[in-house]
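Heads up, the thing below is written out as structure tokens.
The values are calculated or read from the model by the stated rules, or taken from the named source; none is laboratory data. Predicted, not measured: the structure shown is a model, and the values here were computed from it. Ideal geometry is used to build each Cβ from the backbone, glycine not excepted, and the neighbour counts take in all protein chains shown.
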Amino acid sequence: MAEAQALRYHPRMRLIYGLLGCCLAVPALADSVDDLVVAALAKHQIPGLALQVLQHGQTTKQAAYGFANLEWQVPATPETVFEIGSVTKQFTGACIMLLVEEGKLSLDDKLSQHLPHTPASWKEITVRHLLTHTSGLKNYTGVAGFELARHLTQAQFIAKAGELPIMFAPGEKFSYCNTGYNLLGFIIENVSGQSYWDFLTEKILQPLHMNATTKREPSRVLKWRASGYEKGKTNELVNRDVDYTDLFSAGEIVSTLGDLAKWDAALDSEKLLKNSSKAQLWTSGKLNDGTATGYGFGWFLQPLSGHKNIGHSGSTSGFSASNQRFPDDDLQIIVLCNSGEDGVGTVVAKAVAELYFKEKLK
């Protein structure tokens, strides 16, 4: 889609759906956020985007821009369901900590204690290594044989992942690894006696009334689900690849602004997890030599312009998402969009955060 086309429809969507938000911020800042998002949609060719900003526990802005489906010209709304990709890892990390609180596993348990038929090369890998991306396992995404259509069982996944070479000894380096987070999902299943999805639903989604949050399985009919888009060979927008990688507990969740806002609110209390457990989620992992990695359990821990930042992006075929928390500013920003450009959701989320930082300094 050309930039001129994007500029034609985004201001109109801004007018309609910007009014749906609860804009408690000063008008100048609200207008600046709209201008920033509309410009980002044009620059990055983002079909549709939903944004929510929470400060001091209150929504200061909720708005949607562009389209959830280009072919039918269906506008995006705050209720549109988007894939959130690796933002899923926050939930997987929380599930592990719930099991730790129940005394059913330890972070330093070896994988072989909870997963059957693991290869000998994995014998020193622990649950903590998986959570912090320091296991040395090779990332399976992008490797043939892990496509969603194959529906690999736990045993098949372990066997196939076990064929991939170990890249380094556990704890020696940080290397982002979806393989580890899939294995965490299997550990959750084996320890709890439930499927990953049943455990997640019972322990987190139902208590928080996150009714729109579920798995992205393409055969399911999901109300208000957005269509995903990628850039084609000549930079035009095309429908996303239908034979995409199975991401399971590393990135298979779909959700909405409202549901993720409930999740962030729960993290500000002890409704789900003890403060001691959340402290572990948000404490940087360390390498064997003591070097901090800047990653906790499903969360990146990297300051933005001197402001403490706890967050994660998520990218899948046709979608990008971001959930960013700035605890010292009591600020959370959620961005969901149906663009497959890697990390674009976080680009927008952090740019919006910068506007709030500047306003605070006035």
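Only one residue in Lys286, Lys274, Lys262 is in contact with a helix residue (DSSP H, G or I) (Cβ under 9 Å, 6 or more places away or on another chain) and of a type in the set (Lys, Arg). Which one?
Values: Lys286 fails: in contact with a helix residue (DSSP H, G or I) (Cβ under 9 Å, 6 or more places away or on another chain); Lys262 fails: in contact with a helix residue (DSSP H, G or I) (Cβ under 9 Å, 6 or more places away or on another chain).
After applying the criteria, what remains is Lys274.
The residue that is surrounded by the fewest Cβ atoms within 10 Å (Cβ to Cβ), among those in segment 307-325 that are more than 8 Å from the chain's Cα centre (by Cα) and over 15 Å from Val81 (Cβ atoms), is Lys308.
Helices (runs of 4 or more DSSP H) wholly in segment 131-214 with at least 3 residues that are aromatic (Phe, Trp, Tyr) and either under 25 Å from Phe300 (Cα atoms) or touching a His at 6+ places or on another chain (Cβ under 9 Å) (or both) - which ones?
Numbers: elements: 154-161, 178-192, 196-200.
Counting at least 3 such residues, we get 196-200.
Under the condition of being in contact with a Cys (Cβ under 9 Å, 6 or more places away or on another chain) and over 30 Å from Arg128 (Cα atoms), the residues counted in segment 66-91 number 2. Just give me the residues in segment 256-304 being among the small types (Gly, Ala, Ser), under 27 Å from Cys337 (Cβ atoms) and more than 15 Å from the chain's Cα centre (by Cα), in sequence order. Scanning segment 256-304 gives Ala265, Ala266, Gly294. Of the residues examined, Lys138 is one that is charged (D, E, K, R) and either under 25 Å from Gln90 (Cβ atoms) or without any contact (Cβ under 8 Å) to a residue 12 or more places away in the chain (or both). When segment 231-251 is filtered for residues that are buried (at least 23 other Cβ atoms within 10 Å of the Cβ) and either at pLDDT 95 or above or in the same structural domain as Gln45 (by TED's automatic domain parsing) (or both), the ones remaining, listed by number, are Phe248, Ser249, Ala250, Gly251.
Restricting attention to segment 115-130 and to residues that are touching a Lys or Arg at 6+ places or on another chain (Cβ under 9 Å) and crowded, with 21+ Cβ neighbours inside 10 Å, the residue that is nearest to Pro170 (Cα to Cα) turns out to be Ile125.
The rows are residues; the columns are (1) surrounded by 22 or more Cβ atoms within 10 Å (Cβ to Cβ); (2) touching a residue at least 40 places away in the same chain (Cβ under 8 Å); (3) under 22 Å from Asp342 (Cα atoms).
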| position | (1), (2), (3) |
| --- | --- |
| Ala50 | yes, yes, yes |
| Gly66 | yes, yes, yes |
| Leu70 | no, yes, yes |
| Val74 | no, no, no |
| Glu79 | no, yes, no |
| Glu83 | yes, yes, yes |
| Ala94 | yes, yes, no |
| Leu105 | no, yes, no |
| Leu111 | yes, yes, no |
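Among residues that are closer than 30 Å to Val38 by Cβ, in contact with a Phe, Trp or Tyr (Cβ under 7 Å, 6 or more places away or on another chain) and not aliphatic (A, V, I, L, M), Trp282 is not included. Of the residues examined, Lys350 is one that is under 23 Å from Thr60 (Cβ atoms), surrounded by 15 or more Cβ atoms within 10 Å (Cβ to Cβ) and among the charged types (D, E, K, R). Is it the case, given these coordinates, that Thr88 is over 18 Å from Trp224 (Cβ atoms), out of contact with any strand residue (DSSP E or B) (no Cβ under 9 Å at 6 or more places or on another chain) and surrounded by 23 or more Cβ atoms within 10 Å (Cβ to Cβ)? Here the answer is no, as Thr88 does not meet what is asked. In segment 189-200, the condition of being more than 29 Å from Thr291 (Cα to Cα), of a type in the set (Asp, Glu), assigned by TED's automatic domain parsing to the domain that holds Ser106 and over 20 Å from the mean Cα position of the chain (by Cα) is met by at least one residue. All of Ala159, Ala169, Ala149 fail the test of being of a type in the set (A, V, I, L, M, F, W, C), in the same structural domain as Leu98 (by TED's automatic domain parsing), modelled with pLDDT under 95 and surrounded by fewer than 22 Cβ atoms within 10 Å (Cβ to Cβ), apart from Ala149.
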